[in-house]
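Every number here is computed from the coordinates shown, using simple stated rules; none is lab data. Note that this is a predicted model, so its numbers are computed, not measured. Cβ sites come from the backbone with ideal geometry, for glycine too, and all protein chains shown count toward neighbours.
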Amino acid sequence: MVDTKEFAQIQKKRDREKAMRMRRTTEIAEPPDRRRSIMHFVFIKQNKYFKVYNPSCSNLNPIKTPHPDLSRVMQMIHVFGHRNPDTDAICSAIGYAYLLRQKGKEAKAFRLGEINAETKLVLERFGVEVPEMLESAAGKDVWLMDHNEFEQSADGIEEANIVGVIDHHKIKFSYDKPITYIALPWGSSSTIVAKLFEIEGIEIPRDIAGCLLSAILSDTVIFKSPTTTDVDREMAEKLARIAGIDDLKAWGIELFKAKSKIREKSAREIVLNDYKVYDFADKKFLINQVEVIDDSDVLARKEEILEEMRKVKEEQGLFAVLTMVTDIMKEGTTLLVVADDVSPIERAFGKKVEENAIWLPGVMSRKKQIVPPLEKTLQ
Ligand SMILES: [Mn+2]
């Protein structure tokens with residue numbers, strides 16, 4: 001048993017140590033030369049948004065035990081979104097790399113694949129350069145944007161030094177050391193980036209605002225997707241004012257028109273338009289999405305598309321290839337299905353697959369309305 005006196009002494013000692021730690025943290029934050037390298041972490045700790053960030057604590061006590069990565073802090077940070085990038089993957093990376101640079105870090109946005117027609121339109125409209133392609137992340141300091149699964153990330157990600165993650169997808173991430181992980185269930189990663197500008201008190205330039213705005217419109221399907229939150233709407237309006245976009249919705253439709261120029265695309269390009277590969281209890285699903293203003297162009301080519309889906313399934317040894325043909329005006333999705341066994345898919349959506357298709361009214365979002373029911377049925 002510990003007696004009261006001894007207990008009080010232990011308590012006192014602990015308080016003293018805590019005070020020392022706190023003092024160190026403040027001291028470290030002050031010298032201007034060191035400030036740059038660790039300000040990020042100190043800022044996060046002192047900020048009222050602490051809970052949201054849930055940052056690593058080891059970074060706060062570098063004098064006592066030098067953090068192994070302090071020496072690398074000024075190395076260039078590679079910021080990138082997922083493979084087969086969409087507008088959010090590209091624009092959130094462009095926005096966050098800019099924000100990091102404003103905070104005195106060396107950071108650059110990269111891409112993990114060719115940009116789509118929509119992203120191209122956005123970058124041209126706001127005069128932003130297409131990010132460089134990243135061949136391998138091995139040995140590099142990286143920030144993952146708009147994804148957290150290694151399967152969707154860069155080659156060599158296992159050998160990269162992950163500094164942080166900003167994402168709005170389900171968390172399937174584990175790492176062998178503490179990092180900054182910012183996850184919020186908002187409509188786009190670009191909304192989170194815009195919020196970070198606000199929190200840091202850094203002004204968003206016009207071109208970055210245009211990129212972030214476009215990514216919000218794209219990811220939320222002009223606010224029609226059930227993933228949309230009030231924060232997305234608020235942020236989009238604020239960004240539109242900065243970017244000089246008067247009619248948000250008209251710009252959104254223009255983006256979707258660019259994205260859905262299906263006639264110019266080959267069946268293969270349609271099947272691999274915007275896909276992600278998922279592993280549901282060892283069954284690999286490739287789930288692709290095509291968002292269109294009018295689905296008749298795509299559905300007229302259904303047989304040709306199904307044929308290509310069968311080829312992709314064979315080539316990649318998949319259990320199923322699904323193509324969501326989402327009509328943003330009708331607000332629904334025709335799910336094209338090629339699978340070893342359609343029964344789990346039928347159970348997941350409570351409907352029969354007829355002629356390789358299921359009509360799903362109201363379904364707009366892969367991650368919220370397609371992935372969860374499949375995962376639930378299969379696991
Ligand atoms: Mn996204």
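Structural remarks
- Three-way shape label, region 264-378, alpha-carbon gyration tensor, a/c 1.5: oblate
- Projecting the alpha carbon convex hull of region 209-291 along each direction and taking the average yields 6.8 nm².
- q = 0.08, 0.13, 0.15 Å⁻¹, region 75-256: log10 I(q)/I(0) [Debye, one scatterer per Cα]: -0.21, -0.58, -0.78
- Positive-end residue, region 75-256 charge dipole about Cα centroid, Cβ charges, pick of HIS169, MET235, CYS91: MET235
- As a proxy for reagent exposure, VAL321, VAL337, VAL142 were ordered by neighbouring Cβ count within 10 angstrom, fewest first; the result is VAL337, VAL142, VAL321.
- Residue list for region 256-294, given a label point 7 angstrom along the Cα-to-Cβ vector of GLU124 and an amide N cut-off under 17 Å: 256-265
- Subset of LYS276/LYS330; LYS257/LYS313; LYS284/LYS351; LYS249/LYS284; LYS224/LYS367 violating a 26 Å alpha-carbon distance limit: LYS257/LYS313; LYS249/LYS284
- Taken over the Cα atoms of region 185-251, the convex hull encloses 68 Å³ per residue.
- Taking amide H as placed 1.01 Å from N in the peptide plane, GLY332 has its amide H under 5 Å from the amide H of ASP327, GLY362, each at least 5 places away in sequence or on another chain.
- Between LYS330 and GLU314, the simple spin-label model (points 7 angstrom out along Cα→Cβ) gives 3.0 nm.
- Amide H partners (placed H, <5 Å) of ILE182, local residues excluded: VAL165, ILE166, ASP167
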